[in-house]
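Note sheet for the following structure.
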Amino acid sequence: MKSLEGKVALITGAGSKRGIGHAIALRLAGEGADVVVTDRYTAPRSLFPGDEEWGGLDEIVGEIESLGRKALPVMADVSSSQEVDKAVAKAMEKFGKIDILVHCAGIGPPKDIPITGHTEEAWRTVLDTNLTGSFLVSRAVARSMRGRGQGGKIVLIASIAGTMGLPGRGAYCASKWGVIGLMKTMALELVKYDICVNAINPGPIISNIRDADFAKLQKELNITFEEAQEIEYQKYLTNIPMGRFGTAEEVADLALFLVSNQSSYITGETINISGGI
Ligand code: NAD
């Protein structure tokens, strides 16, 4: 028997082709879970060459069904309480329960802008999406888990940026420190309902989160998208002891551990997955 057979998982930020949420949705389905896949867009654009036809949530539903599991696609902006509550209601309507939440929806930082140069608008956009989104999604799912009385597993994708200061990325850092504070508080509040709450702190992972940076550099230097990626990746590598970016699938393996029975005595923790950073 697979470890998640009979479980229902809700994954936010699941729509991007190269994203951590997509990889986690497939990993959990592969272990037997039925999966609600949500995203702000039905098919977030991937600028990686070859990804032009990416079908987003609908394509992921097909992938999950081909693994023999059920799936439900739901569009929802995590920074809107109405949309989040509706998404959770739709999941409950279809499956009658949510055992697992993995909250992956998030946006990257305005890059290389010191706090003195941050606009209020950019600050609010990052905080609304990354921090308020984590609150709204966790609140809605935790309410349904608590109401059902059968426990549950909540995993928030934070970042190693939530454990340090990063010059030029103040809003992003602040949002991720906030996510970790939220996780630690919820872990203590929900422990009596047998709901475990933990966070994963990825280091640099290949995904679509940096696509706009690559596209900007591509335009500035009149080079290919892959060349721009290579230049940007090289900037990070000297700071990664393992000398490479991580993959979304490696993050998915850790997420699977944290939503499975194998992590039954773990709550309120952050686990870094960062190649040694
Ligand atoms: P990604 O861009 O590939 O995926 C993020 C997904 O979130 C996208 O599908 C996007 O459409 C969705 N999203 C964005 N705003 C949303 C909103 N308001 N409502 C609903 N969905 C929304 O990026 P990723 O790397 O897979 O990022 C997943 C999480 O991992 C994020 O929280 C990110 O901060 C975190 N993270 C990523 C890295 C990395 O290097 N990739 C490192 C540390 C932390």
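The values are calculated or read from the model by the stated rules, or taken from the named source; none is laboratory data. Please read these numbers as outputs of a predicted model, since none were measured by experiment. Positions of Cβ are backbone-derived with ideal geometry, glycine not excepted, and every protein chain shown enters the neighbour counts. Side chains included, ligands, DNA and RNA excluded: accessible areas come from the protein's heavy atoms. Shrake-Rupley method; radii C 1.70, N 1.55, O 1.52, S 1.80 Å.
The condition of being in a loop (DSSP other than H, G, I, E, B), closer than 18 Å to Thr129 by Cα and of a type outside the set (Asp, Glu) does not hold for Thr38.
Among the residues of the range 43-70, those that are within 18 Å of Phe95 (Cβ to Cβ) and of a type outside the set (D, E, K, R) comprise Leu57, Ile60, Val61, Ile64, Leu67, Gly68.
The number of residues in the range 8-23 being open to solvent by less than 10 Å² (accessible area, probe 1.4 Å), over 10 Å from the mean Cα position of the chain (by Cα) and either hydroxyl-bearing (Ser, Thr, Tyr) or near the ligand (Cβ under 6 Å from one of its atoms) (or both) comes to 1. Filtering Thr185, Thr129, Thr125 for residues that are open to solvent by 40 Å² or more (accessible area, probe 1.4 Å), modelled with pLDDT of 95 or more, within 15 Å of the ligand (Cβ to nearest atom) and among the polar types (S, T, N, Q) leaves a single hit, Thr125. Elements of the type helices (runs of 4 or more DSSP H) sitting completely within the range 168-269 and holding at least 3 residues that are among the hydroxyl-bearing types (Ser, Thr, Tyr): these cover 170-190. Tell me whether the range 41-54 contains one or more residues that are modelled with pLDDT of 95 or more, away from the ligand (no atom under 16 Å from the Cβ), at negative phi and open to solvent by less than 10 Å² (accessible area, probe 1.4 Å). Checked the range 41-54: no residue is modelled with pLDDT of 95 or more, away from the ligand (no atom under 16 Å from the Cβ), at negative phi and open to solvent by less than 10 Å² (accessible area, probe 1.4 Å).
Scanning the range 96-107 for residues that are of a type outside the set (A, V, I, L, M, F, W, C), open to solvent by 20 Å² or more (accessible area, probe 1.4 Å) and within 13 Å of the ligand (Cβ to nearest atom) yields a total of 1.
Residue check: is Leu26 farther than 21 Å from Gly246 by Cβ, part of a helix (DSSP H, G or I) and within 15 Å of the ligand (Cβ to nearest atom)? No. Residue count for the range 97-142 satisfying the condition of being over 17 Å from Ile200 (Cα atoms), in contact (Cβ under 8 Å) with a residue 12 or more places away in the chain and assigned to a loop (DSSP other than H, G, I, E, B): 9. Taken over the range 81-108, the criterion of being within 21 Å of Ala199 (Cβ to Cβ) and of a type in the set (D, E, K, R) is satisfied by Asp99 alone. Within the range 70-95, the only residue that satisfies the criterion of being more than 9 Å from the ligand (Cβ to nearest atom), open to solvent by 80 Å² or more (accessible area, probe 1.4 Å) and outside any helix (DSSP H, G or I) is Lys70. Scanning the range 202-236 for residues that are touching a residue at least 12 places away in the same chain (Cβ under 8 Å), among the acidic types (Asp, Glu) and open to solvent by 40 Å² or more (accessible area, probe 1.4 Å) yields Asp213, Glu226.
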